Amino acid sequence: MVDVASVAGTGSSTGAAGDDQAREGRTIRPPRSLPGGRAVVGALLVAAAAVVTVAAYLDATAAPTRSYVVATAPIEPGTRLGSMAEVSERFGTIALDLSDEVAARVVPASAVDSLVGQVVVTPLQPGDLLTQTQLVDDGGAEGAQTLSFSLPRTAAVAGALRPGERVDVLATFGSGDGAYTAYVVRGVPLLGVTAPDGGPLGGSSELTLTVAVSALRDVQALGHAVNTADVFVTRSTVTPEGDDPAPGAFQPTPEDVGPRPDPAMPSTPDRASGDEAGELPQHTGDPGSDADGGSVRDADADADADADADADAGAGADQDTDERGADAGRRGVHAAGPDTEVAGDLAGGA
């Protein structure tokens, strides 16, 4: 049998001892607080990096939103795009992401219609982007024939010509005393200026010019000149509407009158007459000063002094002349006196 009292008493003493042991072995911990500032900043940086990574991935995998014109076939300099069909045969579009600087130079797909009536002035290969500087207006060359010829740089305005300008072509035929120079074509649109190999000019000593010529006779004349004469070109001053004829062929002769001054030369001041031929330079000094910087009053005084000096010099000269004349007279009388007396004595003796 179990003694309840002893069990109870034993349990009571045992429970008290257990409580004391529990109190002695228990660790008291402070309550948990919120994360520290460094932890919060670190978490924010990790989150930001994750967002940037995801955005970069999405941007890299997203399709480009802008398209540009690109060549789909080899294109030679001077190629004229006369219709939308010709544009479609040579160009297509491609979607690309370009920097703003590059995008501003190339032709966007939205402007493909504007290519009609343009002339390509540089060679293009499939895949080349079409830039604004590779196009010029045809200059009214619709229906015209294109013709290319090579010239030394010195015969083509030192290579300073640019596509889109108009040029006059002249040629010197023959040699020696029989040589003459004549205009061949005038005011033709210049479609391209390249090196002989079709590339950029660089330091090439020769240029290849491509022009558009409308009249068949002018095509013949230009082809004949290129193959038989010394050809050179100048920038043209005529307009498409101009009908001023060129002068005839020029052949110098010894009897020819020399050239007149170029009317484009600026006029020079006419100091002698002061007419409308020119204006005297504006004087910026003292109002009482002359062009040399001296005083006008001083100039007048100098002029008066010079006049007085001239008058004194004249009077002195007259006085010297009179004195010399009187002295000469006295010498003449003195010299003649004895001679006269001697002559008289000889006469009397005779």
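The values are calculated or read from the model by the stated rules, or taken from the named source; none is laboratory data. Because the structure is predicted, anything quoted here is derived from the model rather than measured. Ideal geometry is used to build each Cβ from the backbone, glycine not excepted, and the neighbour counts take in all protein chains shown. All accessible areas refer to the heavy atoms of the entire protein, side chains included, with ligands and DNA or RNA removed. Shrake-Rupley method; radii C 1.70, N 1.55, O 1.52, S 1.80 Å.
Surface composition of the stretch 151-243: carbon and sulfur atoms hold 51% of the protein heavy-atom accessible area at a 1.4 Å probe.
Provide the packing ranking of 160-169, 106-115, 93-102, i.e. peptides ordered by the mean count of other C-beta atoms within 10 Å per residue, highest first.
Most protected by this proxy first, the peptides run 160-169, 106-115, 93-102.
Provide the net charge surrounding PRO152, with neighbours chosen by a C-beta distance below 14 Å and charges set as Lys +1, Arg +1, Asp -1, Glu -1. Local net charge: -1.
Given a 1.4 Å probe, how much area per residue of the stretch 217-265 is accessible, in Å²?
Working: 4150 Å² over 49 residues.
It amounts to 85 Å² per residue over the stretch 217-265.
Evaluated with a Cβ-only charge set (Lys, Arg +1; Asp, Glu -1), the stretch 55-195 carries a dipole of roughly 280 debye about its Cα centre, given to the nearest 20. Between THR239 and ALA95, residue separation times 0.36 nm minus the direct Cα-Cα distance comes to 47.7 nm. Taken per residue, the accessible surface of the stretch 81-213 reaches 47 Å², heavy atoms only and a 1.4 Å probe.
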